[in-house]
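Notes for the one structure printed next.
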Amino acid sequence: MKLDTRPIGVFDSGIGGLTVVKEIMDTLPNENIVYFGDTARVPYGSKSAETVTRFAKQNTRFLLTKNVKAIVVACNTASAFSLDELQNAFEIPVIGVIKPGANAAAKASKNKRIGIIGTEGTVNSRAYEKAIIKLLPDAKIYAYPCPLFVPIVEEGWANTKVSYMVAEEYLSQLKEKQIDALVMGCTHYPLLTKVVDDVLEHKVKLINPARETALELKRILNENCIENTIDNSAEYEYYVSDNPDKFKRVGGNFLEHDIINIRKIDIEKF
């Protein structure tokens, strides 16, 4: 039995990374978690790689003040643009969402025709595509940005006529490609799983990188002998750079329980 009560640090451009937090809570129920959502500077998906990397380093430096033992970059765009730099710059384990999602997609696909949906930044980075091609060199990859999915989720419209209409429009091209696996390449998208599954007529394996990332985190904690395997009443802290009230209101839908311990910070100090 191991007891390392230092928390896991998780950051995202805003609220969406809570889908990753939820999977970590389910997979590693004894682990304390400190979450930072950069709500003042969201979205990251339309920003340059240089800007996103600067933000990611600030976010990481803040989490390090909380004595975290590992950091999860829950943002797909930050994972695509910044992960290598973060891993080189900081000594503790830093985990992104791209590689775990790509690995799961490569394993799930039988016909090697794989779709990817995400923000403009994630899709244009081709990070998922490159990671999948390393595993399946002859795979056919079809990637499309779905920018309206994020505001739809944050408005609480995940299972409404609006979400179905938008999904039909976005996914019509993918339906023609005969894909058998689809990477949900944005942390907001798992809340649209039913909609996407319905629109794709239940013919495609949907890959949730959040779940795969939590499993990868568990493996890395165990490998580094820093997993807390002793039954523990886990504590969760939440920090944002703006609008904590909205974060509490919308974030509760992501976690499926109320957010209590939340504070606003000035991330530019880091």
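A few remarks follow.
- Scan of the range 32-50 for residues that are out of contact with any Ser or Thr (no Cβ under 9 Å at 6 or more places or on another chain) and within 19 Å of Thr187 (Cβ to Cβ), ordered by number: Ile33, Val34, Tyr35
- Taking the criterion of being without any contact (Cβ under 8 Å) to a residue 40 or more places away in the chain and surrounded by 18 or more Cβ atoms within 10 Å (Cβ to Cβ), the only residue of the range 28-52 that qualifies is Val42.
- Near pairs, Cβ below 8 angstrom, 6+ apart or cross-chain, from the range 145-171 (assigned by TED's automatic domain parsing to the domain that holds Thr77 and surrounded by fewer than 21 Cβ atoms within 10 Å (Cβ to Cβ)) to any residue that is modelled with pLDDT under 95 and part of a helix (DSSP H, G or I): none
- Residue tally, condition touching a Lys or Arg at 6+ places or on another chain (Cβ under 7 Å) and β-branched (Val, Ile, Thr), over the range 28-73: 2
- If the condition is being crowded, with 23+ Cβ neighbours inside 10 Å and out of contact with any Asp or Glu (no Cβ under 8 Å at 6 or more places or on another chain), then the range 213-228 contributes only Leu217.
- Scope the range 218-255; condition part of a loop (DSSP other than H, G, I, E, B), out of contact with any helix residue (DSSP H, G or I) (no Cβ under 7 Å at 6 or more places or on another chain) and charged (D, E, K, R); matching residues: Asp231, Glu235, Asp242
- Note on the range 150-176: residues that are touching a Phe, Trp or Tyr at 6+ places or on another chain (Cβ under 7 Å), within 15 Å of Gly115 (Cα to Cα) and either aromatic (Phe, Trp, Tyr) or at pLDDT 95 or above (or both) amount to 1.
- Flag for Thr60 being within 21 Å of Ala143 (Cβ to Cβ), within 16 Å of the chain's Cα centre (by Cα) and buried (at least 22 other Cβ atoms within 10 Å of the Cβ): no
- Taking the criterion of being over 13 Å from Gly96 (Cα atoms) and at pLDDT 95 or above, the only residue of the range 9-18 that qualifies is Leu18.
- Sub-7 Å Cβ pairs linking a first residue in the range 256-270 that is under 12 Å from Phe62 (Cα atoms) to a second residue that is acidic (Asp, Glu) and surrounded by 12 or more Cβ atoms within 10 Å (Cβ to Cβ), at least 6 apart or interchain, are Ile267/Asp38, ordered by first then second residue.
- For the range 186-207, filtered to residues that are in contact with an Asp or Glu (Cβ under 8 Å, 6 or more places away or on another chain) and closer than 16 Å to Ile24 by Cα, the residue that is surrounded by the fewest Cβ atoms within 10 Å (Cβ to Cβ) is His188.
The values are calculated or read from the model by the stated rules, or taken from the named source; none is laboratory data. A quick note: this is a predicted structure, and the numbers were derived from the prediction, not measured. Positions of Cβ are generated from backbone atoms using ideal geometry, with glycine treated the same way; all protein chains shown enter the neighbour counts.
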